[in-house]
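What follows is one structure encoded as structure tokens, with my remarks underneath.
The values are calculated or read from the model by the stated rules, or taken from the named source; none is laboratory data. Only a predicted model underlies this, so the values are computations on that prediction, with no experimental measurement involved. Note that each Cβ is placed from the backbone with ideal geometry, even for glycine, and that neighbours are counted across all protein chains shown. Note: accessible area is taken over every heavy atom of the protein model, side chains too, but ligands, DNA and RNA are not part of it. Shrake-Rupley method; radii C 1.70, N 1.55, O 1.52, S 1.80 Å.
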Amino acid sequence: MKYSYEDLAGMIDHSLLQPFMTDAELKAGCELAKKYNVASVCIKPYAVKDAVKWLAGSDVKVGAVIGFPHGNSTSESKRYETELACNDGAVEIDMVINIGKALSGEWGYVRDDVQAVCDEAHKHGAKVKVIFENDFITDDAVKVKLCEVCAGAGADWVKTSTGYGFGKQADGSYNYKGATEHDLALMRKSSPPTVQVKAAGGVRDLDGLIRVRDLGATRCGASATAAMLDEYRRREASGENGNGKAGKIGAGGY
């Protein structure tokens with residue numbers, strides 16, 4: 001296989017963010033994350049304290065979302081959410097930028113918004129992933145500028161999407177891509193080595209996960225964790241090299 005099991009499992013932030021998930025389902029998701037020894041769970045803020053208990057004794061980190069999913073909270077609200085999450089035991093924070101401010105070119109606001117969360121998280125020893133929601137940003141120049149601003153504000157990762165960025169189309173339907181190869185390559189090229197890249201949305205199989213890593217991302221938000229890693233074990237056992245398929249990403253949603 002091109003990468004080891006540990007390489008790929010160590011990329012996955014197991015997503016537990018669906019609004020209808022019950023506490024029993026959140027606990028089961030944490031148990032799954034422990035079983036497959038992934039990097040982290042990304043969980044709703046109210047459940048951080050429980051996740052810390054459920055994951056005790058494992059190497060799986062607890063991450064929380066902030067200003068999720070639309071990024072429209074005030075900067076102080078995001079900072080305070082971060083403080084609460086870190087006090088409850090979160091060691092990774094996935095925050096959403098103010099998308100409208102970025103599209104308006106109000107870069108001072110965007111920088112201060114991101115920095116408020118980064119400063120608070122870093123004070124607690126936590127790391128920050130900054131979510132752009134690229135489905136709403138059609139201009140690559142804005143994405144490049146966001147990478148520069150986030151690096152200057154202290155971000156540890158830049159992240160493509162929330163997994164929930166569905167937009168209403170001209171025909172009345174709702175559509176979504178999530179992580180795309182183009183965006184991952186652009187974000188990696190536009191960020192300094194100190195800032196990592198996370199893919200989210202549309203990575204649903206092992207070949208997609210491998211492709212994400214090939215493009216330079218070090219983390220990937222996913223809910224298809226078991227399917228991906230079970231497929232790895234199947235290929236490993238059968239002697240397949242895992243390099244024969246192109247890998248599909250950008251299909252939309254977690």
Being in contact with a Cys (Cβ under 9 Å, 6 or more places away or on another chain) and at pLDDT 95 or above narrows it down to one of ASP50, ASP23, so name that one.
ASP50
Need the failing condition index for VAL158 against (1) within 24 Å of LYS44 (Cβ to Cβ); (2) open to solvent by 30 Å² or more (accessible area, probe 1.4 Å), just the number.
(2)
Give segment 172-194 a look and list any residue that's within 17 Å of PHE136 (Cβ to Cβ), open to solvent by 40 Å² or more (accessible area, probe 1.4 Å) and in contact with a helix residue (DSSP H, G or I) (Cβ under 9 Å, 6 or more places away or on another chain), or say none.
ASN175, LYS177, HIS182
Count of segment 161-219 residues which are within 22 Å of GLN18 (Cβ to Cβ), at pLDDT below 95 and small (Gly, Ala, Ser)
8
ASN87, sole failed condition from (1) farther than 16 Å from ASP156 by Cβ; (2) of a type in the set (S, T, N, Q); (3) open to solvent by less than 60 Å² (accessible area, probe 1.4 Å)
(3)
Which of the following residues is open to solvent by 40 Å² or more (accessible area, probe 1.4 Å), of a type in the set (Lys, Arg) and part of a loop (DSSP other than H, G, I, E, B): ARG204, ARG213?
ARG204
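Consider segment 97-132. How many of its residues are within 17 Å of VAL197 (Cβ to Cβ), of a type outside the set (A, V, I, L, M) and out of contact with any Phe, Trp or Tyr (no Cβ under 9 Å at 6 or more places or on another chain)?
The initial filter retains those residues of segment 97-132 that are within 17 Å of VAL197 (Cβ to Cβ), namely 97, 114, 118, 127-132.
Remaining after also requiring of a type outside the set (A, V, I, L, M): 118, 127, 129, 132.
Of the ones still in play, those that are also out of contact with any Phe, Trp or Tyr (no Cβ under 9 Å at 6 or more places or on another chain) are 118, 132.
Looking only at that region, the number is 2.
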Suppose we filter SER73, SER40, SER4 for residues that are without any contact (Cβ under 8 Å) to a residue 12 or more places away in the chain and buried (at least 16 other Cβ atoms within 10 Å of the Cβ); which single one remains?
SER73
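Any idea which residue in segment 161-191 is nearest to LEU215 (Cα to Cα), counting only those that are among the hydrophobic types (A, V, I, L, M, F, W, C) and in contact with a strand residue (DSSP E or B) (Cβ under 9 Å, 6 or more places away or on another chain)? Explain how you work it out, then say what you get.
First pass over segment 161-191, keeping only residues among the hydrophobic types (A, V, I, L, M, F, W, C): 166, 170, 179, 184-187.
Right, trim to in contact with a strand residue (DSSP E or B) (Cβ under 9 Å, 6 or more places away or on another chain) and you get 166, 179, 184, 187.
Details: PHE166: 24, ALA179: 11, LEU184: 6, MET187: 10 Å.
By that ranking, first place goes to LEU184.
Being open to solvent by 10 Å² or more (accessible area, probe 1.4 Å) and either within 28 Å of LYS49 (Cα to Cα) or modelled with pLDDT of 95 or more (or both) narrows it down to one of ASP119, ASP135, so name that one. If you could, list the steps in order and put the result at the bottom.
Values: ASP135 fails: either within 28 Å of LYS49 (Cα to Cα) or modelled with pLDDT of 95 or more (or both).
Just a single option satisfies the conditions, and that option is ASP119.
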Only one of these conditions is not met by GLY250: (1) small (Gly, Ala, Ser); (2) modelled with pLDDT of 75 or more; (3) within 17 Å of the chain's Cα centre (by Cα). Which number is it?
(2)
